[in-house]
Structures are given as structure tokens and as C-alpha cells.
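Here the structure is laid out as C-alpha cells; the discussion comes afterwards.
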Amino acid sequence: MKKLWIIMLIALLLGGCFPSKEEKRQQLIQAIQKGDIQAVKQYIAEEKDVNFKTKNGSPLDIAMQQNKKQVALELLQAGAKSAYMPLPPLSFVIVATSSQGAEQNGELVEKMANQRTAKERDRDGNTPLHYAAGSGELEWVRLLYQQGADVNAANQSGTTPLMVAAQSGQTEIVQFLHEHGADINHADKEGETALFQAVAGNYLETVRYLLKARADVNAKTKIGKTALMIAAEYGYEPLVSLLLDHGADVRVKDQTGNTALSLATYWHHEKIIQQLKRKGAQ
């Protein structure tokens, strides 16, 4: 009986000497918050449990929130993922840091980018280049291109990185991608091209570049709409002028019979109505 009590006492003492799984996780969070990279490395080597969730997200989320870049890099290399954004590592870094800009986070993106990560896709088919193109960071786009990213990679909706850049008016990135082989007239599954999307966003300079680069001004969507029809419908007078100057056809009808003139008339865009009539619209 005495032996049993001794064994039980030893077990209790030993139990108190070794931290529980939850305590180890808390120690990791504290190490992340302090930026203690050695403690983080030790945890990874011993536990390899880097994807648990806390009220503030995963360890990776906390590292990014605390702006602990080196810690985040260690976690990413150990397979850490975000609890909020189910993205491949490089795409996650680009999205998570894009608001802070390339100047502050270029090093982290640069360390993550290689010929493998530059081509990884998320569940919607987006590549890191899609996210970089939308971020407005030309240096990230250039870096990914140098690592072999496909400038014509289309996601599940048929959208390419150039189209993402056009959607957000990133003219410099549109130009870079086009000059490095991106198809300027690629259409997504709805039949929309980069020109159509830049017009929809009212991005005059982007539209100007696309037209200069010989984007098809009369390309039609699946339902027969053209960029001119969108500009006329939304009341974008400068865009209507620009499209007309580049040969936009005022006679085109969509599947419901609408023309640029009928749409402008419906929305009472008087100046556009006159512009269209001067080009022969009836």
C-alpha cells in the first residue's frame, strides 16, 4: 500500500512538471506576441501543432496581426494556415499584407515566392499573381513573373490576372502583364474582357491604355453587351467619347434588343444621347 502511494505521488509530481498541450499552445502565443523566434522554433520542433484556433485566429493570424514577420515566416514554413483565409501560403501573405504595401512587406513576399509557390492555386483557381495584380503592387507582380507565374492563368470564372488589374484600375500592372504576354482580349465565362471590366469600373486611364494596346472595342459578352453600352448606361461621358473615337459600333444590340442609345435614353443621359446620335445612332 505504501508503494502505491509513493507511485501515485511521483505521478502527480511528474504531471506538474510537464506542461499540458493547452499550456504549450499558450506559450507559443506568448512567444509570437513577444517575437521570440527561438521559442517559436523550439515549439515547432517539438510539437508541430501550428494550426490550432484561438479567439484571435490561428498562430499565423496572430503573428500577422502583431506584424511579427520573421515569426510568420517560420510558421508558414512549418505549414501554418490562417483560420480566416483558406489560401495557399504566398497568396495569404499577399492578401494579408497588401494594405501595408510592398515597402513594409516586400521581404516577406520575396522570401515566400519561388517557382512552386508562384503557381499554387486556391480553391477558386486564383494564383498569387491574381492577388498581386489586384493589390496594386507592381513589384510583387514583377517578382512573381520572374518566378515563372503564368500571366494567362484563368481562375474558375475565367478571370486572368490582367483582368483583375483592369477591374481595379491598376493601369501600370495591366501594362506590365500585357507587355509580358498576357492576352488583352481574353474573355471570362460571362464573355467579359478586361476592357469591359475597366469601363464598368469607370477607370479612364486603364481604358485608354487597353484601347491603345488594341483591345477589341466591340467585343460582346454572352448576352450581347459591349463596353459602349455599359458606358452609356452608367453615364460615363468621357468613356463614351473615348470608345467612340476608337470605333465603337453604336448600332449593336444585346439579346434583349437594347442599344447604347436606348440605354442612355432610359437613364436620361442627355449629353451621351447627343454623342451617340452624332455618330449615327438611331
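Sorting Val151, Val240 on the 10 Å Cβ count, fewest up front, what's the list?
Details: Val151 21, Val240 27.
Ranked by crowding around the Cβ, least crowded first: Val151, Val240.
Spin-label pair Asp216-Glu120: with each label point 7 Å from Cα along the Cα-Cβ axis, the two points sit 3.6 nm from one another. Entry for the chain at q = 0.07, 0.17 Å⁻¹: log10 I(q)/I(0) = -0.40, -1.17, Debye formula applied to identical alpha-carbon scatterers, no solvent contribution. For the chain, averaging the sequence separation of C-alpha pairs within contact (under 8 Å, six or more residues apart) and dividing by the residue count gives a relative contact order of 9 percent. Charges were assigned to the Cβ only: +1 to each Lys and Arg, -1 to each Asp and Glu. The resulting dipole of the chain about its Cα centre is roughly 720 debye. Between Gly235, Gln70, Asn114, the Cα set farthest toward the positive side of the dipole of the chain (charges on each charged residue's Cβ, about the Cα centre) is that of Gln70. For region 217-282, the C-alpha radius of gyration sits at 0.94 times the compact-globule guess of 2.2 N^0.38 Å, with N the residue count. Dividing the helix sum by the residues of the chain, where each DSSP H run of 4 or more adds -39500 (n - 2.57), gives a mean residue ellipticity at 222 nm of -16000 deg cm²/dmol. Determine the shape class of region 181-231: with a ≥ b ≥ c the square roots of the Cα gyration tensor eigenvalues, call it rounded for a/c under 1.5, and otherwise prolate if a/b is greater than b/c, oblate otherwise. It comes out oblate by the Cα gyration axes.
Amide H contacts of Gly57 (H built 1.01 Å from N, in plane; Pro and chain starts excluded): no residue 5 or more places away or on another chain comes under 5 Å.
Considering only Ala45, Thr221, Gln146, and ranking their Cα positions along the charge dipole of the chain that arises from unit charges at the beta-carbon of Lys, Arg, Asp and Glu, the one farthest toward the positive end is Ala45.
At a 10 angstrom cut-off on C-beta neighbours, averaged per residue, how do the peptides 26-34, 141-149 rank from highest to lowest? Walk me through the numbers on the way to the answer.
On the way: 26-34: 17.2, 141-149: 19.2.
Going by the mean number of other Cβ atoms within 10 Å, highest first, we get 141-149, 26-34.
The count of lysine pairs in region 217-282 that are at least 8 places apart or cross chains, and whose C-alpha atoms lie under 21 Å apart, stands at 11.
Which order results if Asp183, Asp124 are arranged by neighbouring Cβ count within 10 Å, fewest first?
Numbers: Asp183 16, Asp124 11.
Sorted ascending by nearby Cβ count, the order is Asp124, Asp183.
Just so you know, all these numbers are worked out from the coordinates, no wet-lab data involved. Since we're looking at a predicted model, the values are computed, not measured. Here Cβ is always computed from backbone atoms with ideal geometry, including for glycine, and neighbour counts include all displayed protein chains.
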